[in-house]
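Below is one structure, written out as structure tokens, with a few remarks after it.
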Amino acid sequence: MVDKVLVTGGAGFIGSHLVDRLMNEGFGVVVLDDFSGGKRENLSSHLGEPNFCLVEGDVRNEADVKSALEGVNAVFHLAATVSVDLSVKNPLLVNEVNVGGTLNVLRESVRADVKRFVYASSCAVYGEPAHVPISEDHPTKPTSPYGVSKLAAEHYCKVFCEVYGLETVCLRFFNVYGPRQSMGPYSGVISQFIEQLKRGKPPVIFGDGTQTRDFVHVDDVVAGALCALNSEECVGNVINVGSGKETSIKKLADILITLFGVQGIKPRCSTPRAGDISRSCADLSKAERLLEYKPRLSLKKGLKQMLIEQVKHENVSEG
Ligand code: NAD
Ligand code: UD1
């Protein structure tokens, strides 16, 4: 029976929500994070709790991973360099962390006799889709070093399942959003638009805004990840986790402008981004079948909830 779980990248955006849920469900939780992208603050409600342990370390470092795996019987491997843009600028770093780091965590998991290993992959493995919605048997032709790194790590997961008997499951997350999403030059489009609108500036769209993404709320992603811990059928598989809905970037800007109540502001189009794909939308049939996964939050509802939580958080921080 799984009772103690390691979450690599647990101080990050998705990882910290997963940790909240696992702690609520009564699991013992270890987080391994180097804080290169994550924040201690994301874990503040668990620090000092007896069934929670924080290991500050690097997934590339054998000793750090070994110490984080003590007594652990399941792993959620989320630690990664996550920006597509940064991967174009620094492909070596992305390869070291996302491929080398994953291989290290896989190998140590086998040594530590871990049962289940859930890997946070990405729809970036598909590259430019030939059709949407995208099912898991769609060809994989990543268009960025980031996408290549996630695909290579998936292959390692498959081999570790077949050769070493580690129960690996790869979840291909689509564009995840929600509270605690990081803000910075390499952050996702939703954080960028919110930040621009907060400053009274127009959202800047790269290209003409007709490109689409499948935006999925972090609570739905966490629910999917938890199902992957328990389902027997999902072992050795790659499975999409998205919303199953396609939204253009222009439409996203319009929804946020309406939620901010600043109808006078119009989005500004700028140069298209290198390596960008034009469409994305998940086919969720396999997730429904193997994980009984069903996304609950619509984009409008999810964004509204996210903005309300941000205001609450800012009021608490200021007061
Ligand atoms: P994030 O940057 O918030 O979280 C990643 C965490 O990994 C951070 O806390 C960071 O400090 C940690 N980390 C990075 N390098 C590390 C290293 N060498 N050793 C230890 N820790 C390290 O990003 P996120 O959005 O929460 O993404 C989590 C996972 O989900 C990643 O694997 C990412 O590729 C995948 N994913 C995310 C999305 C998305 O839309 N956010 C979509 C598809 C897949
Ligand atoms: C994102 C994730 C990546 C994940 C992938 C899965 C981030 C930083 N990256 O990449 O980890 O694997 O989803 O699909 O979360 N855009 C603008 N203006 C902006 C920012 C972006 O128009 O200010 C556009 C981009 O050009 C792109 C779209 O919005 O067309 C989405 O960009 P982004 O949020 O960075 O996500 P992905 O590149 O899809």
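In the set 108, 154, which member is within 15 Å of ligand 2 (Cβ to nearest atom) and surrounded by 19 or more Cβ atoms within 10 Å (Cβ to Cβ)?
Checking each option against the conditions leaves just 154.
For segment 213-233, give me the residue count where each residue is more than 17 Å from residue 121 (Cβ to Cβ) and surrounded by 22 or more Cβ atoms within 10 Å (Cβ to Cβ).
Qualifying residue count for the region: 2.
Count, please, the residues in segment 136-163 that happen to be among the hydroxyl-bearing types (Ser, Thr, Tyr) and either in contact with a Lys or Arg (Cβ under 7 Å, 6 or more places away or on another chain) or within 16 Å of residue 97 (Cβ to Cβ) (or both).
Pass one, segment 136-163, residues among the hydroxyl-bearing types (Ser, Thr, Tyr): 140, 143-144, 146, 149, 156.
Filter once more, so that each one left must be either in contact with a Lys or Arg (Cβ under 7 Å, 6 or more places away or on another chain) or within 16 Å of residue 97 (Cβ to Cβ) (or both): 144, 146, 149, 156.
Total satisfying the criteria: 4.
Restricting segment 220-278 to residues that are among the acidic types (Asp, Glu) and within 15 Å of ligand 1 (Cβ to nearest atom), which is farthest from residue 177 (Cα to Cα)?
Of segment 220-278, the ones among the acidic types (Asp, Glu) are 220, 232-233, 246, 254, 276.
With within 15 Å of ligand 1 (Cβ to nearest atom) added as a condition, the list becomes 220, 276.
On the way: 220: 10, 276: 18 Å.
Step by step, filter segment 220-278, then rank; the result is 276.
Condition check: more than 26 Å from residue 131 (Cβ to Cβ), part of a helix (DSSP H, G or I), among the aliphatic types (A, V, I, L, M) and touching a Phe, Trp or Tyr at 6+ places or on another chain (Cβ under 6 Å). Does residue 197 satisfy that?
Numbers: more than 26 Å from residue 131 (Cβ to Cβ): yes; part of a helix (DSSP H, G or I): yes; among the aliphatic types (A, V, I, L, M): yes; touching a Phe, Trp or Tyr at 6+ places or on another chain (Cβ under 6 Å): yes.
Spelling it out, residue 197 is indeed more than 26 Å from residue 131 (Cβ to Cβ), part of a helix (DSSP H, G or I), among the aliphatic types (A, V, I, L, M) and touching a Phe, Trp or Tyr at 6+ places or on another chain (Cβ under 6 Å).
If you check every pair at least six apart or on different chains, which have Cβ atoms under 8 Å apart with a residue in segment 165-194 that is under 16 Å from residue 117 (Cβ atoms) and of a type in the set (Asp, Glu) first and a residue that is modelled with pLDDT of 95 or more and more than 7 Å from ligand 2 (Cβ to nearest atom) second?
167/115; 167/116; 167/117; 167/161; 167/235; 167/236
Return a yes/no flag: does segment 268-279 have any residue that is among the aliphatic types (A, V, I, L, M), touching a residue at least 40 places away in the same chain (Cβ under 8 Å) and either more than 16 Å from ligand 2 (Cβ to nearest atom) or not in a strand (DSSP E or B) (or both). Talk me through it step by step, then tell me what you get.
Narrowing segment 268-279 to residues among the aliphatic types (A, V, I, L, M): 274, 277.
Adding the requirement that they be touching a residue at least 40 places away in the same chain (Cβ under 8 Å) leaves 274, 277.
Then keep just the ones that are either more than 16 Å from ligand 2 (Cβ to nearest atom) or not in a strand (DSSP E or B) (or both); that gives 274, 277.
The answer is yes, given that some residue of segment 268-279 is among the aliphatic types (A, V, I, L, M), touching a residue at least 40 places away in the same chain (Cβ under 8 Å) and either more than 16 Å from ligand 2 (Cβ to nearest atom) or not in a strand (DSSP E or B) (or both).
Which residue out of 262, 221, 235 is in a loop (DSSP other than H, G, I, E, B), closer than 25 Å to residue 78 by Cβ and not aromatic (Phe, Trp, Tyr)?
On the way: 262 fails: closer than 25 Å to residue 78 by Cβ; 221 fails: in a loop (DSSP other than H, G, I, E, B).
Result: 235 is the single residue among 262, 221, 235 that is in a loop (DSSP other than H, G, I, E, B), closer than 25 Å to residue 78 by Cβ and not aromatic (Phe, Trp, Tyr).
Among the candidates 280, 243, 285, single out the residue that is surrounded by fewer than 19 Cβ atoms within 10 Å (Cβ to Cβ) and of a type in the set (Ser, Thr, Tyr). Full working, then the answer.
On the way: 280 fails: surrounded by fewer than 19 Cβ atoms within 10 Å (Cβ to Cβ); 243 fails: surrounded by fewer than 19 Cβ atoms within 10 Å (Cβ to Cβ).
Residue meeting the stated conditions: 285.
Taking only pairs six or more apart or across chains, which ones have beta-carbon atoms under 6 Å, a first residue in segment 125-143 that is farther than 22 Å from residue 89 by Cβ, and a second residue that is charged (D, E, K, R) and surrounded by 14 or more Cβ atoms within 10 Å (Cβ to Cβ)?
129/279; 132/279; 133/283; 134/283; 135/283; 136/286
I'd like the residue in segment 168-203 that is surrounded by fewer than 18 Cβ atoms within 10 Å (Cβ to Cβ) and of a type in the set (D, E, K, R) and, out of all such residues, is nearest to ligand 1 (Cβ to nearest atom).
Applying the filter and picking the extreme gives 195.
Across segment 246-274, which residue is surrounded by the fewest Cβ atoms within 10 Å (Cβ to Cβ) among those that are modelled with pLDDT of 95 or more and of a type in the set (D, E, K, R)?
It comes out as 266.
Would you please name the residue that is farthest from residue 73 (Cα to Cα), looking only at residues in segment 15-54 that are crowded, with 24+ Cβ neighbours inside 10 Å and within 16 Å of ligand 2 (Cβ to nearest atom)?
16
Can you spot a residue in segment 3-18 that is among the polar types (S, T, N, Q), outside any loop (DSSP other than H, G, I, E, B) and at pLDDT 95 or above? First the steps, then the outcome.
Quick first cut of segment 3-18, residues among the polar types (S, T, N, Q) only: 8, 16.
Those still in the list that are outside any loop (DSSP other than H, G, I, E, B) too: 8, 16.
Then keep just the ones that are at pLDDT 95 or above; that gives 8, 16.
Within segment 3-18, one or more residues are among the polar types (S, T, N, Q), outside any loop (DSSP other than H, G, I, E, B) and at pLDDT 95 or above.
The values are calculated or read from the model by the stated rules, or taken from the named source; none is laboratory data. These figures come from a predicted structure and were not determined experimentally. Neighbour counts are summed over all protein chains in view; Cβ atoms, including those assigned to glycine, are modelled from backbone coordinates with ideal geometry.
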